[in-house]
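Here is the structure we will look at.
The values are calculated or read from the model by the stated rules, or taken from the named source; none is laboratory data. Bear in mind the structure is a predicted one, so any value in this text is a computation, not a measurement. Neighbour counts are summed over all protein chains in view; Cβ atoms, including those assigned to glycine, are modelled from backbone coordinates with ideal geometry.
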Amino acid sequence: MAASSPIRLSAQQACVRFGRLEALGPIDLQVQAGECVVLLGPSGCGKSTLLAALAGLQGVASGSVQADTAGGADVPGVVFQEPNLMNWATAEDNVALPLALSGVDKAERLGRAQAALARVGLANFASAYPRTLSGGMRMRVALARALVNDPSALLLDEPFAAIDELGRRALDDLVLEAKRDRHLAVLFVTHSVDEAVYLADRILVLSPRPGRIMAEIAVPAVPRDPAFLTSPAFAEAAAAARRVLSAQRAAA
Amino acid sequence: MKNIDFAPVLAGLVLLALWEGLTRLLQVPPVILPPPSAIGAALVERGPLLLPAAGVTMGLALTALAISIGLGTLVALIFARVPLLERSLGPYALVLQATPIVAIAPLVIIWTGIENPRRAILILAVIVAVFPVLTSALAGLKAVDPGLDRLFRLHKASSTQRFLHLELPTAAPFLLAGIKTAAGLSLVGVVVAEFVAGTGATGGLSWRLVEAGNRLETATMFAALFLLALMGLALHAILSLIEKQVRT
């Protein structure tokens, strides 16, 4: 990444508490435009909490978090673990929801929703209802919805965990494509080491609760294609991540 | 819907024929049980009297239903926004619901009805019909998917937007089921209230029923009952149709 890329997501000494329970932090984090940072860590370490804090859904007890709003949207795009679609609305109306909520008029929002659906390969499913779509397709709709209002940052919280291997790879590729084409800052939470290495420019491994950054693993900037999965660079980064995770387990 | 099942139609015709045949064969006095042909004749003969009365009763039932839908939904919304209110008032609403309506009817009529029986009847019908709307609307509002709720918070949806785009569509199927129950109950409420009011002032169908009973015009009573059943069925059918539209 060029050092001059603007910073889209940042956390400074951010801590989150639930009552007396220290859930997270302190955390320092910066994600530049056009960069994908993957948070990897044991369950319950506060990965999702950090993401919710950056999305503005969770207050911080101390420190600060910031999501830059330089793009068209005033909030970052977020994809949660579940597609969270309105089952009473068509795919296109689901995708158009963020635009509807910010008062964009109907003709424009349907046009933009259709374009967003086309980019995730669902051009022909605009008027389909969620119950008629497969799990992977529903996630594509959720991804299209997260990108429909041109955010400058995209946050994803273990979004593809329930999708089969091939479908997941396709969704990962869609995320990488969006990152490249829109110069997006992407923060991706996962507990799959392989998915982390495939997606990341940098992997941040978090400690068990309260989550802190234990290690940072840089992944070489080579094209992400099937060949990358069997390359030494991939194996090396994956091994590094696994070493940190198993050291954590041994310490626990 | 396209394939009409003829079995119940056939069964109905057989039963009517049996009824007709047996009352004639056994020479049952028409005051006890008139044959269907006599009921049909009464329906035609008394039609000019019964149909306007049915209109009055149906009008009252529909008004009571409309009030119940509005009131029930409004109270459910308030309860959903202010849980403390629901916690403190919910049990008392249950007491009101558990009390048999016939028992409070004389009271309500004393309070409001003597000079205005129509209002008393509406109040009584609403008291019966409002609860299924209230409970189903409340259940529907609470059924909002937490994931969608988070999405709406993320996009800083206003409370009007939340209501229109999230709460209402989530609650709609629940609410419709409640309204279906309420429709039947509002008709029951109106009929019972008309009975208890014991006055022809509103000119409803149940008053005609009592009147025919007093005159031992059993066939007219059956004709009135037939009209009441028809009204109940019509309400049910219309609401089922709406429900189907919403589902698809």
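Numbers for the structure displayed
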| read-out | value |
| --- | --- |
| Failed item in (1) assigned to a loop (DSSP other than H, G, I, E, B); (2) buried (at least 18 other Cβ atoms within 10 Å of the Cβ); (3) over 20 Å from the mean Cα position of the chain (by Cα), with residue A:151 passing the rest | (3) |
| Residues satisfying the stated conditions in segment B:148-167, i.e. within 10 Å of another protein chain (Cβ to nearest Cβ) and surrounded by 15 or more Cβ atoms within 10 Å (Cβ to Cβ) | B:148, B:149, B:150, B:151, B:152, B:154, B:155, B:157, B:161, B:162, B:165, B:166 |
| Neighbours by Cβ (under 8 Å, 6+ apart or cross-chain): first from segment B:217-242, surrounded by fewer than 21 Cβ atoms within 10 Å (Cβ to Cβ); second part of a helix (DSSP H, G or I) and among the charged types (D, E, K, R) | B:236/B:180; B:239/B:180; B:240/B:180 |
| Those residues of segment B:122-147 which are farther than 15 Å from residue B:72 by Cβ, out of contact with any Ser or Thr (no Cβ under 6 Å at 6 or more places or on another chain) and either without any contact (Cβ under 8 Å) to a residue 60 or more places away in the chain or within 14 Å of another protein chain (Cβ to nearest Cβ) (or both), in sequence order | B:145, B:146, B:147 |
| Single condition residue A:139 does not satisfy, out of (1) part of a helix (DSSP H, G or I); (2) in the same structural domain as residue A:47 (by TED's automatic domain parsing); (3) hydrophobic (A, V, I, L, M, F, W, C) | (2) |
| Any hit, segment A:189-200, residues being of a type in the set (Asp, Glu) and under 14 Å from the mean Cα position of the chain (by Cα) | yes |
| Single condition residue A:146 does not satisfy, out of (1) surrounded by 20 or more Cβ atoms within 10 Å (Cβ to Cβ); (2) more than 12 Å from chain B (Cβ to nearest Cβ); (3) among the hydrophobic types (A, V, I, L, M, F, W, C) | (2) |
| Residue that is modelled with the lowest pLDDT, among those in segment A:154-167 that are crowded, with 18+ Cβ neighbours inside 10 Å and touching a Gly at 6+ places or on another chain (Cβ under 8 Å) | A:163 |
| Any hit, segment A:208-220, residues being over 13 Å from the mean Cα position of the chain (by Cα), in the same structural domain as residue A:50 (by TED's automatic domain parsing), without any contact (Cβ under 8 Å) to a residue 24 or more places away in the chain and farther than 12 Å from residue A:37 by Cα | yes |
| Subset of segment A:208-247 [within 30 Å of residue A:21 (Cβ to Cβ) and in a loop (DSSP other than H, G, I, E, B)] | A:208, A:209, A:210, A:212 |
| Failed item, numbered, when residue A:42 is tested on (1) away from chain B (no Cβ under 12 Å); (2) part of a loop (DSSP other than H, G, I, E, B); (3) surrounded by 19 or more Cβ atoms within 10 Å (Cβ to Cβ); (4) not polar (S, T, N, Q) | (3) |
| Test: residue in segment A:228-241 that is surrounded by fewer than 14 Cβ atoms within 10 Å (Cβ to Cβ) and under 28 Å from residue A:135 (Cβ atoms) | yes |
| Residues of segment B:86-117 classified as touching a residue at least 24 places away in the same chain (Cβ under 8 Å) and charged (D, E, K, R), total | 1 |
| In segment A:59-78, the residues that are within 23 Å of residue A:23 (Cα to Cα) and at the interface with chain B (Cβ under 10 Å from one of its Cβ atoms) | A:76, A:78 |
| Residue in segment A:84-100 that is in contact with a strand residue (DSSP E or B) (Cβ under 8 Å, 6 or more places away or on another chain) and either on the phi > 0 side of the Ramachandran plot or among the hydrophobic types (A, V, I, L, M, F, W, C) (or both) present | no |
| Qualifying residue in segment A:174-186 (condition: within 30 Å of residue A:130 (Cα to Cα), assigned to a strand (DSSP E or B), in contact (Cβ under 8 Å) with a residue 40 or more places away in the chain and within 15 Å of the chain's Cα centre (by Cα)) | yes |
| Residue list for segment A:86-105, restricted to those being within 13 Å of residue A:141 (Cβ to Cβ), at the interface with chain B (Cβ under 8 Å from one of its Cβ atoms) and either modelled with pLDDT under 85 or part of a loop (DSSP other than H, G, I, E, B) (or both) | A:86, A:89 |
